[in-house]
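Worksheet for the structure shown next.
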Amino acid sequence: MLDYMGVPPYDSAYAHLQRKLAQFGIDTSHFTRRHGQAPIPRDDLLKAVTESRSLAGVLRALGRPNGGAGRAFVRRSIHEYGISTAHFVGQGHQRGQRSPRRKSAADILQRGEPGSPRQKTALLRRALDETGVPRVCAACGIGDAWQGRRLVLEIDHINGDRLDNRIGNLRYLCPSCHSQTEAFSVRGRRPSATWRQGFDTQ
């Protein structure tokens with residue numbers, strides 16, 4: 001058809017033609033496939049896609065093996081028929097979306113029960129970011145860079161209770177200022193080593 005119409009062959013042209021042919025109900029059963037595989041009947045594919053929540057589910061519904069070539073062929077067929085997969089919930093379709101199990105800042109910034117595990121520092125940083133706490137040392141005002149190098153600010157629990165993650169009990173401190181706190185000195189880390197460890201060497 002592309003030769004007949006004088007259109008150079010390219011992938012999106014094939015897909016556009018396939019959608020238009022399907023839209024106007026034009027029979028193409030006599031066409032040969034450029035990829036050498038028998039076409040999946042549109043109704044069968046539409047039913048499989050509609051009743052599935054992932055590409056793997058479509059392959060199962062069609063009774064096809066879940067391999068690289070099979071997935072590519074079905075994905076290409078879905079595209080050529082113009083069938084929507086917006087309802088798919090597979091991992092690849094969730095890329096860029098927040099997990100429903102993601103903890104909110106309010107869930108993180110709480111006082112933990114005695115014996116409970118401490119919150120991960122990465123979660124505390126995210127929660128502080130989400131509540132608008134600037135990454136600046138609360139004591140000396142230095143930010144997260146010094147002399148052109150990234151400085152990793154530490155999270156200090158003001159009352160010394162590392163299970164108390166309420167926002168009023170948390171503050172950012174640079175390694176030098178953090179090393180001067182009473183809670184820090186109890187842990188026995190040397191100030192000079194702490195300052196060196198504060199720089200991101202990545």
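Here are some notes:
- A single member of ARG111, ARG149 is of a type in the set (Lys, Arg) and within 17 Å of PRO175 (Cα to Cα), and it is ARG149.
- Selection of helices (runs of 4 or more DSSP H) fully inside segment 15-113 by the criterion of at least 3 residues being modelled with pLDDT of 90 or more and within 30 Å of GLY160 (Cβ to Cβ) returns 105-108.
- Filter result (part of a loop (DSSP other than H, G, I, E, B) and hydrophobic (A, V, I, L, M, F, W, C)) within segment 147-182: VAL152, LEU153, ILE158, LEU163, CYS174
- Annotation: of all residues in segment 114-149 being at pLDDT below 90 and touching a strand residue (DSSP E or B) at 6+ places or on another chain (Cβ under 7 Å), the one that is surrounded by the most Cβ atoms within 10 Å (Cβ to Cβ) is ASP144.
- Among the residues of segment 135-158, those identified as over 31 Å from the mean Cα position of the chain (by Cα) and in contact (Cβ under 8 Å) with a residue 24 or more places away in the chain are ALA138, ALA139, CYS140, ILE142.
- For segment 165-172, the condition holds for no residue, the condition being that it is among the hydrophobic types (A, V, I, L, M, F, W, C), buried (at least 16 other Cβ atoms within 10 Å of the Cβ) and in contact with a Gly (Cβ under 8 Å, 6 or more places away or on another chain).
- Within segment 119-146, tally of residues that are outside any loop (DSSP other than H, G, I, E, B), farther than 16 Å from CYS174 by Cα and among the charged types (D, E, K, R): 3
The values are calculated or read from the model by the stated rules, or taken from the named source; none is laboratory data. As the structure is a prediction and not an experimental result, all values here were calculated from the model. Because the Cβ atoms are built from the backbone with ideal geometry, glycine has one as well, and the counts that use them run over all protein chains shown.
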